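Only one structure is covered here, and it is reproduced in the block below.
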Number of protein chains: 2
Amino acid sequence: MSPPDTKQRILDAAEHLFATDGYHATSLRCITHAAMVNLAAVNYHFGSKEALLEAVIVRRLTPLNEMRLGQLEALLQRSEQSRQVPSCREVLRTFVEPTLRQRQNGSEKGDFVTLIGRTLAEPRGIAMTIFMRHMDPLMIRLYQALSLALPGLSQQLLFWRIHFAVGSLSHIMRCHERHSLVPEDVRIDLPVDELVELFLDFAVAGMEAAG
Amino acid sequence: MSPPDTKQRILDAAEHLFATDGYHATSLRCITHAAMVNLAAVNYHFGSKEALLEAVIVRRLTPLNEMRLGQLEALLQRSEQSRQVPSCREVLRTFVEPTLRQRQNGSEKGDFVTLIGRTLAEPRGIAMTIFMRHMDPLMIRLYQALSLALPGLSQQLLFWRIHFAVGSLSHIMRCHERHSLVPEDVRIDLPVDELVELFLDFAVAGMEAAG
DNA sequence: GTCTATACGATGATAGAC
DNA sequence: GTCTATCATCGTATAGAC
């Protein structure tokens, strides 16, 4: 019944190493060494290195998406009851806040956000199938909600602006370390709540811009 | 004197294959086969696979940055002569338009934009050193220009909003293929000029948002 | 069912002959 | 400058022990 923790140990080690060093730079031998399991255990439990990446992602993406979708549906229900369309900021917040908040949790969950951001930028094949399966239902609902919140936007404009906003969010998901161009008096390690508001200020204004 | 075209043939083949299949998925043997040169020629001329990637990027990034910096300096000079601060849209345009316009040129130059977008998202080591060396001077000038255009913004706000805008741009640099969530009546292959204006509408509104 | 030991082909890198 | 030969390491596959 209770499964041996081999799978869990592999998942934990892989999550941390993938996020820290990148998917390609992490060898299975390095993962199995850190997890103190045999090399072949990866292929036995997961089938391949790429399938392991998917398992690592899905483990955290599923509950995260449930939270995001739950908050979105709750918002839509409230707006329906009050006969008011939801605001663009409220809609975006249901997506952005759970995402960025995960970064400040225990280290392994923060790793996950970085990993997602990086994997989103991978060439197709590795990430595309994973995200198509697990993100599409949520994204479709987000589309509908934003279409309600921004009735003045054409389908075309709405699509492109969501595209821009997603790109921006995925960027801050993976880039949260000090790099060369940060002025001295700028805080790169902003508290999550402030970062969420900063991002929403930017994204909402972009979404609502005159077209 | 005139170098044999071995280096050029390697650069051309690598640029296309890196952009099409991704850096890690492209083997040196595949590159040298396409370039019709010996495997060891890569390490002789460039030193390593990663150094080859840098050479591929620098070859096109240098003239692109010269164009972006040239347009920015010209704008700043005009604004100084007219005693008017440049607009945020004008400043951003000097960066965005040359970038996206390169995508529609000959196929190999379009490859390059995709490659840049992807490399920007790589974990540190591969890309960080390349971009620090070749982007920082331009980015510093962009900072100054945007600081002029948006005098109401604090250093902190300016930094974060540039961060958001760069993330958004890098996203559309690498993602310009049809994916699952594109509605039927949305054009994913927008003409470059329209895409530039669409992006500027979004980014300028985000930059100028009330803080 | 789980796990281990071992082997295979392909990769990036390098040394040395020409 | 170019090539062949060779190396350690990679992801993967399988046979067999527990």
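Computed from the coordinates by the stated procedures, all read-outs in this text should not be read as laboratory data. Just so we're clear, the structure is a prediction, and the values are computed from it rather than from any experiment. Cβ coordinates were reconstructed from backbone atoms using ideal geometry, including for glycine residues, and neighbour counts include every protein chain displayed.
Descriptive notes on the structure:
- Subset of the stretch B:196-207 (residues that are within 8 Å of chain A (Cβ to nearest Cβ) and out of contact with any Phe, Trp or Tyr (no Cβ under 8 Å at 6 or more places or on another chain)): B:Asp201, B:Val204, B:Ala205
- Taken as a whole, the condition of being within 14 Å of DNA strand D (Cβ to nearest atom) and aliphatic (A, V, I, L, M) applies to B:Ala35.
- For B:Ile57, the criteria (1) within 25 Å of A:Arg178 (Cα to Cα); (2) within 16 Å of DNA strand D (Cβ to nearest atom); (3) more than 12 Å from every other protein chain (Cβ to nearest Cβ); (4) surrounded by 18 or more Cβ atoms within 10 Å (Cβ to Cβ) hold in every case but one, which is (2).
- Of all residues in the stretch B:161-203, exactly one satisfies the criterion of being within 16 Å of A:Ala205 (Cα to Cα) and over 19 Å from the mean Cα position of the chain (by Cα), namely B:Asp201.
- Test for B:Met67: is it of a type outside the set (Gly, Ala, Ser), out of contact with any His (no Cβ under 7 Å at 6 or more places or on another chain), away from chain A (no Cβ under 14 Å) and within 16 Å of DNA strand D (Cβ to nearest atom): no
- Qualifying positions in the stretch B:36-58 - part of a helix (DSSP H, G or I), over 12 Å from B:Ala13 (Cβ atoms), more than 7 Å from DNA strand C (Cβ to nearest atom) and touching a residue at least 12 places away in the same chain (Cβ under 8 Å): B:His45, B:Leu53, B:Glu54, B:Ala55, B:Ile57, B:Val58
- Residue check for A:Ala121: aliphatic (A, V, I, L, M), farther than 21 Å from A:Met207 by Cβ and surrounded by fewer than 20 Cβ atoms within 10 Å (Cβ to Cβ): no
- Filtering the stretch A:71-102 to residues that are part of a helix (DSSP H, G or I) and surrounded by fewer than 17 Cβ atoms within 10 Å (Cβ to Cβ) leaves A:Glu73, A:Ala74, A:Gln77, A:Arg78, A:Glu80, A:Gln81.
- Residue count, the stretch B:1-35 (criterion: within 13 Å of DNA strand C (Cβ to nearest atom), in a helix (DSSP H, G or I) and within 14 Å of chain A (Cβ to nearest Cβ)): 3
- Count - residues of the stretch B:159-189 that are surrounded by 13 or more Cβ atoms within 10 Å (Cβ to Cβ) and more than 8 Å from chain A (Cβ to nearest Cβ): 4
- Of the helices (runs of 4 or more DSSP H) lying entirely inside the stretch A:103-200, those carrying at least 2 residues that are farther than 23 Å from A:Ala13 by Cβ are A:128-149, A:155-174.
- Residue within the stretch A:180-196 that is touching a residue at least 60 places away in the same chain (Cβ under 8 Å) and among the small types (Gly, Ala, Ser) present: no
- Picking from residues in the stretch B:124-160 that are among the charged types (D, E, K, R) and out of contact with any helix residue (DSSP H, G or I) (no Cβ under 8 Å at 6 or more places or on another chain), the one that is nearest to B:Asp201 (Cα to Cα) is B:Asp136.
- Condition met for B:Leu148 (more than 8 Å from every other protein chain (Cβ to nearest Cβ) and either charged (D, E, K, R) or in contact (Cβ under 8 Å) with a residue 12 or more places away in the chain (or both)): yes
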